[in-house]
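The values are calculated or read from the model by the stated rules, or taken from the named source; none is laboratory data. Just so you know, these numbers come straight off a predicted model, no measurement behind them. Note that we place each Cβ from the backbone using ideal geometry, even for glycine, and neighbour counts take in every protein chain shown. Heavy atoms of the whole protein, side chains included, go into the accessibility calculation; ligands, DNA and RNA do not. Shrake-Rupley method; radii C 1.70, N 1.55, O 1.52, S 1.80 Å.
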Amino acid sequence: DTTYMAQWRRITYDMVFNAAGGTGGVTLQLAYGEPLNPPTVTRPGYVFAGWSPTVPQTVPEENMTFTALWSLALFTITFDANGGVGGTSELRAYNDDLSAPSVWREGHTFAGWSPAVPAKVPMANTVYTAQWTVNSYTITFNANGGSGGTTGTYTYGTPLQAPAVTRPG
């Protein structure tokens, strides 16, 4: 009499995790029924949105490829007019073209943005603040034939006081 004992070897399958333009993708050789834990993947300017097809909890009885799904990362870009008019705030996709709006402020000259505005949307919520230089004006108080008239340079917003003028007769 002889007894023969069956010998079993677990079959392994390739589980491919394609990062689809990101980093962190791997190919794993795992045995059927083992827990299946996908890797962490990243892609600058994008938010990970899952795997296609959906990753099962355990290794299936076939080789499979899972592809990372991505959504563009959106950031709040604010142009603060800093006392002026024309500022904006909106959600923008990473790396989109970026240009600042026109802003205006009475009695001031626009002197740029702080920080400087890049050509593309950065990978962060960002506030750009308008910088202003106060205008100065030459003001003449004309005595119109009398005496006491003056001419001076005054900064916008400073109070003006007319000089005393006199004229005989």
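Starting from residues that are within 17 Å of residue 155 (Cβ to Cβ) and either within 20 Å of the chain's Cα centre (by Cα) or not β-branched (Val, Ile, Thr) (or both), keep the ones in the stretch 99-109 and report whichever is surrounded by the fewest Cβ atoms within 10 Å (Cβ to Cβ).
106
Hey, can you tell me all the residues within the stretch 126-169 that are among the small types (Gly, Ala, Ser), in contact (Cβ under 8 Å) with a residue 24 or more places away in the chain and in a loop (DSSP other than H, G, I, E, B)?
Result: 143, 157.
Conditions tested, residue by residue: (1) of a type in the set (Ser, Thr, Tyr); (2) surrounded by 11 or more Cβ atoms within 10 Å (Cβ to Cβ).
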{"residue": "81", "(1), (2)": "no, yes"}
{"residue": "92", "(1), (2)": "no, yes"}
{"residue": "142", "(1), (2)": "no, no"}
{"residue": "150", "(1), (2)": "yes, yes"}
{"residue": "156", "(1), (2)": "yes, yes"}
{"residue": "167", "(1), (2)": "no, no"}
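Checking residue 14 against (1) assigned to a strand (DSSP E or B); (2) in contact with a Phe, Trp or Tyr (Cβ under 8 Å, 6 or more places away or on another chain); (3) open to solvent by less than 60 Å² (accessible area, probe 1.4 Å), only one condition comes out false. Which one?
Checking residue 14 against (1) assigned to a strand (DSSP E or B); (2) in contact with a Phe, Trp or Tyr (Cβ under 8 Å, 6 or more places away or on another chain); (3) open to solvent by less than 60 Å² (accessible area, probe 1.4 Å), the one that fails is (2).
Does residue 69 fit the bill of being open to solvent by 60 Å² or more (accessible area, probe 1.4 Å), modelled with pLDDT of 95 or more, over 30 Å from residue 128 (Cβ atoms) and of a type in the set (A, V, I, L, M)?
The answer is yes for residue 69.
So residue 123 clears everything in (1) in contact (Cβ under 8 Å) with a residue 60 or more places away in the chain; (2) in a strand (DSSP E or B); (3) not aromatic (Phe, Trp, Tyr) except one condition, right? Which one?
Every condition holds for residue 123 apart from (2).
In the stretch 119-132, is there at least one residue being open to solvent by 80 Å² or more (accessible area, probe 1.4 Å) and touching a Pro at 6+ places or on another chain (Cβ under 7 Å)?
Yes - at least one qualifying residue is present in the stretch 119-132.
Check off (1) open to solvent by 50 Å² or more (accessible area, probe 1.4 Å); (2) assigned to a strand (DSSP E or B); (3) of a type in the set (Gly, Ala, Ser) for residue 116 and give me the number that stays unchecked.
Unmet for residue 116, out of (1) open to solvent by 50 Å² or more (accessible area, probe 1.4 Å); (2) assigned to a strand (DSSP E or B); (3) of a type in the set (Gly, Ala, Ser): (2).
Can you find even one residue in the stretch 58-66 that is open to solvent by 50 Å² or more (accessible area, probe 1.4 Å) and within 25 Å of the chain's Cα centre (by Cα)?
no
Name the residues in the stretch 77-98 that are farther than 30 Å from residue 39 by Cβ and either hydroxyl-bearing (Ser, Thr, Tyr) or within 9 Å of the chain's Cα centre (by Cα) (or both), would you?
77, 78, 88, 89
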